[in-house]
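Where a number appears in this text, it was derived from the coordinates with a stated rule and is not lab data. This one's a predicted model, so the numbers in the text were calculated from it and none came from an experiment. FYI the Cβ positions are ideal-geometry reconstructions off the backbone, even for glycines, and counts take in every protein chain you see.
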Amino acid sequence: MKIKNKLRLGFGFLFVVILFFGCISLYYMNEISIRSKVILKDNYETLSYTSKMRSILDENKLPLSESAISQFDQQLNLERKNVTEAGEGTAVAALNAAYSGVIDPGNSLSTKQEALSKVRSNLKLIDDLNMNAIVKKNAVAQSSIEKAAMYVIFAASVCFLILFSFIVNFPGFVANPLREFADAIREISRKNYKQRLEFKGSDEFSELAGSFNVMAAELNRWENSNLAKIQSEKLRIETIIEQMQDAIIGLNEQQEVLFLNQVASQLLNLDQAAVVGMNAMELRKKNDLLNRILEETGTDKPMKIYADHKESYFQLERREIMVPNYDDGGDYAILKMDKAAGQVYILKNITQFKELDEAKTNFIATVSHELKTPISSIKMSLKLMDDERVGSMNPEQKELVQHIKEDCGRLLKITSELLDLAQVETGKLQLNFVKSDPRKIAIYAMDAVRFQAEQKAIELELISRNNLPQINVDIEKTAWVLVNFLSNALRYSAEKSKVVVQVIQNGDAIEFSVRDFGKGIEEKYQKRLFEKYFQVPTDGNNKSGSGLGLAISKDFIEAESGNIWVESAIGEGSKFCFSLPVED
């Protein structure tokens with residue numbers, strides 16, 4: 001039997017065992033679920049109805065008011081539709097008759113009191129019937145659960161024994177022959193070419209053993225010749241070079257082509273067999289691409305080449321071939337130094353990565369431009385809906401509109417962050433440097449979030465002196481970073497708390513910081529806070545952003561020759577800081 005069929009049978013058997021156990025488990029779990037539902041549903045509803053009827057009678061004096069009668073009738077009608085136990089229908093009929101005496105206006109107060117007593121007695125009777133039913137059903141369900149558990153345990157034990165036996169025995173069908181092959185290959189690696197394998201049967205291992213024996217015999221024959229060693233090494237190197245996915249060109253010290261793999265041959269449009277041994281300096285005159293490769297210095301800029309029916313990008317690497325230089329002037333060979341024996345040119349195809357990078361950039365640009373217009377239109381429509389002149393809304397509608405406004409604002413923020421990220425990654429970030437007072441930048445940022453702080457009754461406090469040295473920065477970008485810090489601080493701060501903004505001089509730099517008094521950030525997350533798309537796991541109470549704000553803040557500050565960092569401890573809050581150099 002073929003190994004493939006053995007594996008199919010083995011894993012098929014495992015699948016059947018697992019399927020069998022799963023079916024049994026699902027069957028009994030379903031039985032348990034049905035039993036549990038039976039216990040609670042109808043009887044619990046009846047107890048709820050009688051409890052509410054009893055509460056109505058307890059809370060109202062005779063004669064009953066119209067409201068009390070209406071409430072009692074509602075619960076009594078529900079109970080009439082929920083008669084499930086033997087004798088319950090008779091008790092409900094008696095309850096209905098007694099209740100009629102309670103609400104009959106022609107009856108005297110004493111007659112109504114007597115009817116009320118019967119009503120309470122019938123309510124207790126209905127409660128007893130349902131409580132007894134619950135106890136009986138619970139006992140039946142418990143018995144079913146115990147029985148199901150016993151069957152599941154038995155099935156699990158049988159499956160475990162079968163699987164354990166399978167795990168112990170089945171791997172031997174594959175592992176034992178492989179072990180023999182490994183030992184034989186190990187002997188071959190030790191140049192014991194007389195090693196042979198013997199397998200009985202007609203499976204793949206037997207065929208492979210036959211091929212192995214032929215190979216060992218050929219190796220034994222080739223081992224008798226020194227030429228075989230040289231050819232073997234040469235063939236190995238040529239095979240490795242040929243199988244490389246990168247274009248590889250090798251030249252010797254006379255600039256003659258030593259080797260040219262198939263990828264390079266196709267890329268340069270040269271005959272692989274014909275050019276080996278030819279002078280590369282002569283070939284470059286007739287081949288523009290080869291001329292570019294030989295002229296190219298060690299630059300990191302990719303080369304654009306038309307390949308695979310499209311414009312492709314390749315990264316060129318040039319490596320010198322160094323060999324030992326021996327002096328043969330004496331009795332012993334003396335190693336003097338290494339000398340150059342040629343060059344190797346490697347063209348790595350990076351088209352896929354370039355396309356992915358361009359696709360990402362295009363996606364970011366498309367998202368930022370395509371989403372901004374409809375989101376802004378939605379915000380304008382929401383503003384019109386909130387205008388009383390258009391029409392008034394009920395509180396629920398106003399709340400929904402407010403939620404939509406918040407979500408639109410969040411989407412606009414994410415869109416702007418994506419646009420900023422695209423500018424940073426494509427190197428198109430434009431900074432407008434001007435001299436500015438650090439304190440004014442902090443006040444500008446605080447004013448931008450003051451309404452957000454008032455919504456949660458959070459106090460914004462600024463700690464700074466008036467005569468701080470000026471800094472040469474992009475005011476909008478720097479304020480954007482502070483606003484981002486403040487927005488995060490307000491998001492994770494409790495209501496009626498405080499957020500402290502501090503601007504101080506620290507040596508030759510101005511240090512900005514935003515401190516909140518929330519729950520803080522674990523140390524294991526602090527090192528990754530400024531990575532793109534990273535978000536600290538939350539408890540679900542705070543809506544998280546895109547994970548781009550802090551990464552973009554880092555790019556902005558570093559573009560202004562500054563530093564950015566965070567200080568935080570669990571239970572003590574967080575302090576986000578950045579420093580910018582003082583203007584000389």
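Multiplying the residue separation of residue 111 and residue 402 by 0.36 nm and removing their Cα-Cα distance gives an extension gain of 98.8 nm.
If you wrap segment 3-169 in the convex hull of its Cα atoms and look at it from every side, the mean projected area works out to 13.6 nm². Compared with the dominant principal axis of the Cα atoms in the chain, helix 395-425 is inclined by about 10°.
Looking at segment 432-503, the GluC sites (Glu not before Pro) that sit in a DSSP loop and have at most 10 other Cβ atoms within 10 Å of their own Cβ are 495.
Distance between the C-alpha centres of segment 466-519 and segment 102-149: 68 Å, rounded to the whole angstrom.
Summarising the amide proton neighbourhood of residue 510: residues at separation of 5 or more, or on other chains, whose placed amide H is nearer than 5 Å comprise 580, 582. Mean residue ellipticity at 222 nm, helices only, the chain: -20500 deg cm²/dmol; runs of at least 4 DSSP H residues each add -39,500 (n - 2.57), and the sum is divided by the number of residues. Residues of the chain were split at every exposed loop site, defined as chymotrypsin sites (Phe, Trp or Tyr not before Pro) in a DSSP loop with at most 11 other C-beta atoms within 10 angstrom, and the longest piece left, sites excluded, is 1-331. For the chain, report the translational diffusion coefficient in µm²/s to the nearest whole number, using Stokes-Einstein at 10 °C, 1.306 mPa s, and a Kirkwood Rh over Cα pairs. My calculation gives 44 µm²/s for D. For segment 173-224, the Kirkwood estimate of hydrodynamic radius, built from reciprocal distances between every pair of different alpha carbons, is 11.3 Å. Report the far tail of the P(r) of segment 433-581, meaning the percent of Cα-Cα pairs longer than 21 Å. Cα-Cα pairs of segment 433-581 separated by over 21 Å account for 40 percent. Computed from Cα positions, the angle between helix 226-243 and the longest principal axis of the chain comes to roughly 50 degrees. Amide H contacts for residue 573 (H built 1.01 Å from N in the peptide plane; partners 5 or more residues away or on another chain; cut-off under 5 Å): 518, 520.
Residue by residue, segment 514-525 carries 3J(HN,Hα) couplings of 10, 10, 10, 10, x, 7, x, 10, 4, 4, 5, 9 Hz when phi is fed to the Karplus relation 6.51 cos²θ - 1.76 cosθ + 1.60 (θ = phi - 60°); x denotes Gly or Pro. Sequence-ordered 3J(HN,Hα) estimates for segment 573-584 from the Karplus curve with 6.51, -1.76 and 1.60 and θ = phi - 60° stand at x, 10, 10, 9, 9, 8, 10, 10, x, 6, 5, 5 Hz, glycine and proline given as x. Compared with the dominant Cα axis of the chain, that is its longest principal axis, helix 66-80 is turned about 60°. Gain on full extension, evaluated as 0.36 nm per residue between residue 189 and residue 269 minus their Cα-Cα distance, stands at 24.8 nm.
Cross-link partners of residue 229 among lysines, defined as those whose alpha carbon lies under 16 angstrom from its own and excluding same-chain residues fewer than eight positions apart: 191. Residues in segment 95-109 carry Karplus couplings, in order, of 4, 5, 5, 5, 5, 4, x, 6, 9, 5, x, x, 7, 6, 5 Hz; the curve used is 6.51 cos²θ - 1.76 cosθ + 1.60 with θ = phi - 60°, and Gly or Pro positions show x. Pairs from the table (456/575; 440/575; 405/519; 440/532; 519/554) lying more than 25 angstrom apart at Cα are 405/519; 440/532. The length gained by stretching the chain between residue 154 and residue 306 to full extension, at 0.36 nm per residue less their Cα-Cα distance, is 47.9 nm. The DSSP beta bridges internal to the chain are antiparallel in roughly 90% of cases.
Around the amide H of residue 497, modelled in the peptide plane, lie the amide H atoms of 459, all under 5 Å away and 5 or more residues distant in sequence or on another chain.
Each principal axis of the Cα cloud of segment 187-318 was evaluated for its coordinate range; sorted largest first, these ranges are 60, 34, 26 Å. Charged side chains reduced to their Cβ positions (Lys and Arg at +1, Asp and Glu at -1) give the chain a dipole of some 1580 debye around its Cα centre.
Applying both filters, DSSP loop and at most 11 other Cβ atoms within 10 Å, to the trypsin sites (Lys or Arg not before Pro) of segment 254-312 gives 285, 286. Spin-label pair residue 175-residue 348: with each label point 7 Å from Cα along the Cα-Cβ axis, the two points sit 4.0 nm from one another.
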